[in-house]
Amino acid sequence: TSHFTFDPSFMATGSCKSRITFIDGDKGILLHRGYTIQDLAEKSTFMEVCYALLYGDLPNAKQLKEFEHNITYHTMVHEQLHFFFRGFRRDAHPMAVMCGVVGALSAFYHDSLDIHDPKQREISAHRLIAKLPTLAAMSYKYSIGQPFMYPRNDLSFAENFLYMCFAVPAEPYTVNPVLARAMDRIFTLHADHEQNASTSTVRLAGSSQANPFACIAAGIACLWGPAHGGANQAVLEMLEEIGHKDNIPEFLAKVKDKGDNTRLMGFGHRVYKNYDPRAEVLKKSCDEVLAELGINDPLLELAQELERIALSDPYFIERKLFPNVDFYSGIILKAMGFPTSMFTVLFAVARTVGWISQWKEMMEEPSLKIGRPRQLYTGPAQREYVPVDKR
Ligand code: CMC
């Protein structure tokens, strides 16, 4: 062990230098390229944030126009991908479908696979940011048996996504601007979060010089777990299971006893030991969306009560467990009409820009070395081989 530090779960390992995202977990601060997440979520747009994450600064008007053009130019997916989808069972989880179809992109876009060419890297980045919403919407449409909707490049990124998910060819469809704004904000709030599990997965895959489509598919697989991006689905399932405010004390007692390893989903974070700044913005958005849609969701009231009780409970106070970004996102997404199985897919759509920006940053380093953690071996010492008839 003298040659390396033993750090299971990477609690104290800095794996890279990065200029993209800054988190101060004790103070609850999140900055992308120096801008606060609150400013970005409230004053900016997802496209501007994508540009900043990829290129380092917010764009000026001309740069933004050109970037938006580049992204919309790539929104369609290869027509053959429509047939690829048809190989999946209709009841497949959309994240399972996403792992497959995003991984398959490298079989369709051979002309941007040269990872040593900066221009091709940029085209791959644009393709991934542009095509993920299309693939995500297709995975939804496929699961409900509706026809795929081709992207509409006259719409904004968020509008087009809602259109591809909720429009049908037979009827005219108008995107509600309040919902489009909320969707855009959800994308912004999930865009990047430095070296979390899925981003580290993307970097590790990239360090072996795998192509960017394969790397992002690896990130999607890692995001799927309920301890990471799967938490937004798990929060809603938990709220439904609790069912009523009166059942909160019993549920929290089970969490605190660690019965069945039950956790309060949407609470706690490896880095934040304070309120997750993204959760605050989302809570406000949640109120706006429900008001706009005239929805009075008892789950929101239940969530607020759960938060209130947990935040004054010594178990959560001592362990510095606060609501994270996923605590309220599910309620908004449900109000918008998304089924719970799509929640993590939406996270993946948003996080793709973070993953690919981190990958691009890594690829721009002068010397790229493969990532290769070590281990502490705890198995048997060298022993003699015994033939099978003597064992
Ligand atoms: N409910 C109850 N207890 C918890 C929770 C929770 N949500 N989170 C942590 N704890 C307890 C844990 O049992 C442990 O207690 P003890 O000291 O008695 O053993 C202590 O707090 C420290 O927990 P940990 O598991 O060592 O902390 P971690 O940094 O490894 O885990 C986490 C971070 C996010 C995986 C965890 O807080 C969790 O499982 N939260 C619920 C799932 C969730 O909401 N995930 C979304 C994270 S934000 C979005 C994203 O990044 O994808």
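The values are calculated or read from the model by the stated rules, or taken from the named source; none is laboratory data. Not measured: the values here are computed from a predicted model. Cβ coordinates were reconstructed from backbone atoms using ideal geometry, including for glycine residues, and neighbour counts include every protein chain displayed.
Observations
- Residue match in region 4-17 (condition: out of contact with any Asp or Glu (no Cβ under 7 Å at 6 or more places or on another chain) and buried (at least 19 other Cβ atoms within 10 Å of the Cβ)): no
- Residues located in region 233-261, provided they are near the ligand (Cβ under 8 Å from one of its atoms) and either at negative phi or at pLDDT 95 or above (or both): 234, 235, 255, 256
- Residue check: residue 352 meets all listed conditions (1) farther than 20 Å from residue 37 by Cβ; (2) touching a residue at least 24 places away in the same chain (Cβ under 8 Å); (3) not hydrophobic (A, V, I, L, M, F, W, C) but one, namely (1).
- Some residue of region 43-59 being in contact with a strand residue (DSSP E or B) (Cβ under 7 Å, 6 or more places away or on another chain), surrounded by 15 or more Cβ atoms within 10 Å (Cβ to Cβ) and either modelled with pLDDT under 95 or small (Gly, Ala, Ser) (or both): yes
- Unmet criterion (only one of (1) modelled with pLDDT of 95 or more; (2) outside any helix (DSSP H, G or I)) for residue 228: (1)
- Annotation: of all residues in region 154-185 being among the polar types (S, T, N, Q) and within 17 Å of residue 48 (Cα to Cα), the one that is surrounded by the fewest Cβ atoms within 10 Å (Cβ to Cβ) is 156.
- Total residues in region 309-344, condition farther than 27 Å from residue 196 by Cα and away from the ligand (no atom under 16 Å from the Cβ): 3
- Neighbours by Cβ (under 9 Å, 6+ apart or cross-chain): first from region 370-391, farther than 30 Å from residue 359 by Cα; second assigned to a loop (DSSP other than H, G, I, E, B) and not small (Gly, Ala, Ser): none
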